[in-house]
Each structure stands twice: as structure tokens, then as C-alpha cells.
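Here, each number is a calculation from the coordinates, and none is a lab measurement. Being a predicted model, the structure only gives us computed values, none of them experimental. With ideal geometry, Cβ positions are generated from the backbone for all residues, glycine too; neighbour counts draw on all protein chains shown.
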Ligand SMILES: [Zn+2]
Ligand SMILES: [Zn+2]
């Protein structure tokens, strides 16, 4: 399945330095530099650039005039250089981008859940509302009232190992670290998730048959 354009776009427009898409693999930053994304609409390279020293917009916080005229960086004076080095020391870490490969994106889009864990939602629901879902009554979220839905979400959250970010179409570990020194901009906790058996099982099902609603 293909994603609605807006979903892809929102992962970039949340950055204040985003100017526009050149095509699906190239993005123009407000600092005037064009960033190659590697894969279509993959945000990691752009994110890395945004947090790096190479991005002049971040330090000046205003669009370079070069956005409109050229692709090269503007010259800067020594003051800028010092400021940059200082900033750089403070921000040597990347912000964790979570797991955002296509298989994870498919999962986030196709799952009604906001949290995931080893426990199946129907089992959590049966424990929570034993009167509602007996052996013979299959679990469905539609049977839950508004308050019950909230209670159910809270229960799922407390059981959860990972979180489905519906806005940015990313999977994060529940204890994800915001900043990481890892070069791939994925924190160790999220990295752990890649080997999580339960998550991999769900991914397999979702990606094998994209029509199954989990
Ligand atoms: Zn930039
Ligand atoms: Zn993380």
C-alpha cells in the first residue's frame, strides 16, 4: 500500500528548517543545502543534517538567502564559527528517530492500537472486562464504551513495551531515550526492539497480509 502524501510530508514539516521537496528523494533545507534522503521520504538524513553543524539555519534560525539563489552555503565570519562549535558540543547527540522502516510504518498505519506488548489486546480486554468478553464472545474494541476504551488504553500502556506514534508513523520503545550518540539516530532501547520477538511476529503478520487489522 502507498502512504498518503500528507503522512510522509508531516515527518518533514515538523522541522522548522524544512523548505520543500525537490523530489521524493531530495529535500531543500532553509539553510540552502539540498539533502539526499537515500530512500523515498526517509527522514533520517534530513534529521541528521538538521541537527548537525552543516545546517546554518539551526544556528541562525533564519532562512538563508541562498535558498532562493544557490545550493552552496553562505560564507560566515569567525563569530559564527565559534558559536557553531559551542552549539556542537552541546548537541553532539542525535534525537532518536525510532524505528521507521517501511515494515514499521505499515504496522503503525494498519494497527488501531497505540501501544504494543507481548500480551494480546484481547487477553488484556478479557482480564479487564470479564463480563463483556467470555470464551464465546470475540474481542472487539467496538464493544467498549468511551470510558472503557480509555481504561483499556491505560491498561495496554502499562503492559506496553513499545509505542506506535500515529503522527510520525514511527515505533518507539516505551523507555526510549530522547537523545542518543548512536550514528544511526536510533537509541539503544529502540534498537533492542528490532530483536523483540513479539514485535517481529506482529510485523510479519501485518506485512504478510496487509488487510488483517490488528
Ligand atoms: Zn540546513
Ligand atoms: Zn529510541
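Between residue 135 and residue 102, residue separation times 0.36 nm minus the direct Cα-Cα distance comes to 8.3 nm. Ordered by the count of other Cβ atoms within 10 Å of each Cβ, fewest first, 151, 167 give 167, 151. Placing a label point 7 Å from the Cα of residue 9 along the Cα-to-Cβ direction, the residues of region 20-57 whose backbone N falls under 11 Å of that point are 21.
Dimensions of region 87-214 based on its C-alpha atoms, expressed as ranges along the principal axes with the largest first, amount to 59, 31, 23 Å.
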